[in-house]
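Chemist: Got a structure for you, questions after.
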Amino acid sequence: MAFLARPLLFAIDAETAHGLTIDMLAAWGAIGTPLAAGTTSLPVTLAGLTFPNPLGLAAGADKDGRAIAGFFGLGFGAVEIGTLTPLPQAGNPRPRLFRLVPDRAVINRMGFNNGGLAAALPRAKAAKRTGMLGINVGANKDAVDRIADYENGVAAAAPIADYVTINISSPNTPGLRDLQHGPALTDLLTRAAAARGTTPLFLKVAPDQEPAQIDEIARAAIQAGIDALIVGNTTVSRPPLTSPHAGESGGLSGAPLATLAAQRLRDFRTATGGTLPLIAVGGIDSGAEAYARIRAGATLVQLYTGLVYGGPALPRQVVSEMNMLMRRDGFTRIEDAIGTS
C-alpha cells in the first residue's frame, strides 16, 4: 500500500501530502495496528529513561500530536511531537514546504504552525506509547517575552512527556536563534530547568554554529543541568543542490545535510568532553548512517525527512541494520558502540 501511495502523495503539494499522511497514521494508530511488528529491541538508557531502540522521530513531523500511536507503530523507539507554542499559530504563508526530489531533501519555512499546547497536550496524555514520548516546545512569534513562553511550555508539558525539548534552533521564526547565545541563553536554561520538575530536559540547537558558539552552548547546557543536546536542526546554508526548488528560503533538511550534521555532532562531543549525552539528527536515512552517528558519539538518533523518501518501512529497516552492524563489530549492546570511532 505504501508503494502505491507514494506516487499519489508526490503528485500533490508537499504540505497537503504531509497532512494526508498524518491522517492515515492517526487512523492506523487508532485501531491499534502496528506497521512494524517485531521491531528489533536495542535498548538505550538516557537521563534515566530506557528507549526500546535508539531511533526517534524528530519534531516537526507530528506537530500537534495527532498520530503518536501511528508513528510508534512504525517502529520508532521515541516520538517527539511539536514544536508546540503556548498559543495557536498559523505559521508563515504558503507555499512553505518544498520537496527537492533529486537531492532527497526538503526545504521548509513553516514558522511553528501548530494548534497550541492546550489542544495537543490532552492528545499526548491519552496516546498509546510503546516507547518514549518527547514534547518539543517553542515561543510564539509575537510573544513579548519569549523566554516566558518556553518556561510556560516546559511547565505544561513536563507532567505528560517522558522528556521535554526546548527548540531554539528553527530558522523560520525571526530572532529565535538569538536565544542560543549570551545572557538570553543562560536565562532561558535557568528558567526552563526550574520549570521542568523531575522530567528530563533536552536542548535542540542549530547546525549553523561557529566554534566559539558551540563552546558557549556546551558550557551553558552543562551548568544548567540540561540532560541532552539534540544536534541539530535544519540549515540555512546551501550545499550544492540540483532541484528547481533549491533557491527557496527556509531550512534545508535531508541527505545534503548529513555531512554538516555529522561534523556538528563531533564538534559538540569535543566541546562537552563527553559529559553530556548527544542526540544526532540531520541527513539520517539508513541504518549505516544512524550507526555511524552513534559511533561518533550520539546516544540516540532522530530522523524525519528520510521518511519522505524511504517510506513507512524505513524505521524498522534502520533499526534492523543498526543491529546487524553492531554485531558485525563485536558489540553485544548498542550502548557499547557509542563514541567508539
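Chemist: Could you please find all residues in region 191-215 being touching a residue at least 12 places away in the same chain (Cβ under 8 Å), assigned to a helix (DSSP H, G or I) and closer than 25 Å to G283 by Cβ?
Modeler: Answer for region 191-215, where residues must be touching a residue at least 12 places away in the same chain (Cβ under 8 Å), assigned to a helix (DSSP H, G or I) and closer than 25 Å to G283 by Cβ: P211, Q213, I214, D215.
Chemist: Check A124 against each of (1) within 17 Å of the chain's Cα centre (by Cα); (2) surrounded by fewer than 21 Cβ atoms within 10 Å (Cβ to Cβ); (3) under 18 Å from I166 (Cβ atoms); (4) not aromatic (F, W, Y) and name the one condition it does not meet.
Modeler: Unmet condition: (2).
Chemist: While we're here: Go through (1) β-branched (V, I, T); (2) out of contact with any Pro (no Cβ under 6 Å at 6 or more places or on another chain); (3) over 26 Å from A161 (Cα atoms) for I230 and report which single condition fails.
Modeler: Only one criterion in (1) β-branched (V, I, T); (2) out of contact with any Pro (no Cβ under 6 Å at 6 or more places or on another chain); (3) over 26 Å from A161 (Cα atoms) is unmet by I230, namely (3).
One line per residue, one yes/no per condition, for (1) touching a helix residue (DSSP H, G or I) at 6+ places or on another chain (Cβ under 9 Å); (2) more than 26 Å from G111 (Cβ to Cβ):
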site: T190; (1), (2): yes, yes
site: A194; (1), (2): yes, yes
site: G197; (1), (2): yes, yes
site: P200; (1), (2): no, yes
site: Q209; (1), (2): yes, no
site: A212; (1), (2): no, yes
site: R219; (1), (2): yes, yes
site: I226; (1), (2): yes, no
site: L229; (1), (2): yes, no
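Chemist: For the condition among the small types (G, A, S), in contact with a Leu (Cβ under 9 Å, 6 or more places away or on another chain) and farther than 30 Å from A290 by Cα, what is the one hit in G77, G65, G115?
Modeler: None of the other options fit; the residue is G115.
Chemist: For region 101-120, how many residues are of a type outside the set (A, V, I, L, M, F, W, C) and in a loop (DSSP other than H, G, I, E, B)? Please lay out each step first, then the result.
Modeler: We begin by selecting, within region 101-120, every residue of a type outside the set (A, V, I, L, M, F, W, C); these are 102-104, 108-109, 111, 113-116.
So of that shortlist, the ones also in a loop (DSSP other than H, G, I, E, B) come out as 104, 109, 111, 113, 115-116.
Result for region 101-120: 6.
Chemist: Here is a list: S253, S249, S286. Which entry is surrounded by 24 or more Cβ atoms within 10 Å (Cβ to Cβ) and among the small types (G, A, S)? Walk me through it before giving the result.
Modeler: Working: S249 fails: surrounded by 24 or more Cβ atoms within 10 Å (Cβ to Cβ); S286 fails: surrounded by 24 or more Cβ atoms within 10 Å (Cβ to Cβ).
Matching residue, one of S253, S249, S286: S253.
Chemist: Got a number for residues in region 2-25 being of a type outside the set (F, W, Y), in a helix (DSSP H, G or I), modelled with pLDDT of 90 or more and surrounded by fewer than 15 Cβ atoms within 10 Å (Cβ to Cβ)?
Modeler: The number of residues fulfilling the criteria is 4.
Chemist: Further question on the same structure: When you check A184 against the structure, is it under 18 Å from Q223 (Cα atoms), modelled with pLDDT of 95 or more, out of contact with any strand residue (DSSP E or B) (no Cβ under 7 Å at 6 or more places or on another chain) and assigned to a helix (DSSP H, G or I), yes or no? Give the steps one after another, and end with the answer.
Modeler: Values: under 18 Å from Q223 (Cα atoms): yes; modelled with pLDDT of 95 or more: yes; out of contact with any strand residue (DSSP E or B) (no Cβ under 7 Å at 6 or more places or on another chain): yes; assigned to a helix (DSSP H, G or I): yes.
Judged against the criteria, A184 is a match.
Chemist: Mind checking whether some residue in region 253-275 is out of contact with any helix residue (DSSP H, G or I) (no Cβ under 9 Å at 6 or more places or on another chain), in a strand (DSSP E or B) and at pLDDT 95 or above?
Modeler: Initial filter on region 253-275 (out of contact with any helix residue (DSSP H, G or I) (no Cβ under 9 Å at 6 or more places or on another chain)): 259-260, 263, 266, 269, 274.
Narrowing further to those that are in a strand (DSSP E or B): none.
Checking region 253-275: not a single residue is out of contact with any helix residue (DSSP H, G or I) (no Cβ under 9 Å at 6 or more places or on another chain), in a strand (DSSP E or B) and at pLDDT 95 or above.
Chemist: Another one. Restricting to region 157-179, name every residue that is farther than 26 Å from P93 by Cβ and either free of Cβ contacts under 8 Å to residues at least 60 places away in the same chain or in a loop (DSSP other than H, G, I, E, B) (or both).
Modeler: Residues of region 157-179 farther than 26 Å from P93 by Cβ: 157-166.
Result: A158, P159, I160, A161, D162, V164, I166.
Chemist: Which of the residues spanning region 82-121 are buried (at least 18 other Cβ atoms within 10 Å of the Cβ), out of contact with any Asp or Glu (no Cβ under 9 Å at 6 or more places or on another chain), under 28 Å from F51 (Cα atoms) and free of Cβ contacts under 8 Å to residues at least 60 places away in the same chain?
Modeler: Matches in region 82-121: L117, L121.
Chemist: In addition: Being over 22 Å from N323 (Cα atoms) and surrounded by 15 or more Cβ atoms within 10 Å (Cβ to Cβ): is that true of I294 here?
Modeler: On the way: over 22 Å from N323 (Cα atoms): no; surrounded by 15 or more Cβ atoms within 10 Å (Cβ to Cβ): yes.
So I294 does not fit the description; no.
Chemist: Kindly list the number of the only condition in (1) more than 16 Å from the chain's Cα centre (by Cα); (2) touching a residue at least 60 places away in the same chain (Cβ under 8 Å); (3) in a loop (DSSP other than H, G, I, E, B) that fails for D285.
Modeler: (1) is the only condition that D285 fails.
Chemist: Follow-up. With a cut-off of at least 1 residues that are at pLDDT 95 or above and more than 21 Å from T305 (Cα to Cα), name the strands (runs of 3 or more DSSP E) lying wholly within region 26-100. Let's see the steps before the verdict.
Modeler: Numbers: elements: 44-46, 49-51, 55-57, 78-84, 97-100.
In region 26-100, 44-46, 49-51 are the strands (runs of 3 or more DSSP E) which contain 1 or more residues that are at pLDDT 95 or above and more than 21 Å from T305 (Cα to Cα).
The values are calculated or read from the model by the stated rules, or taken from the named source; none is laboratory data. Predicted, not measured: the structure shown is a model, and the values here were computed from it. For neighbour counting, all protein chains shown are included, and Cβ atoms are generated from backbone atoms with ideal geometry for every residue, glycine included.
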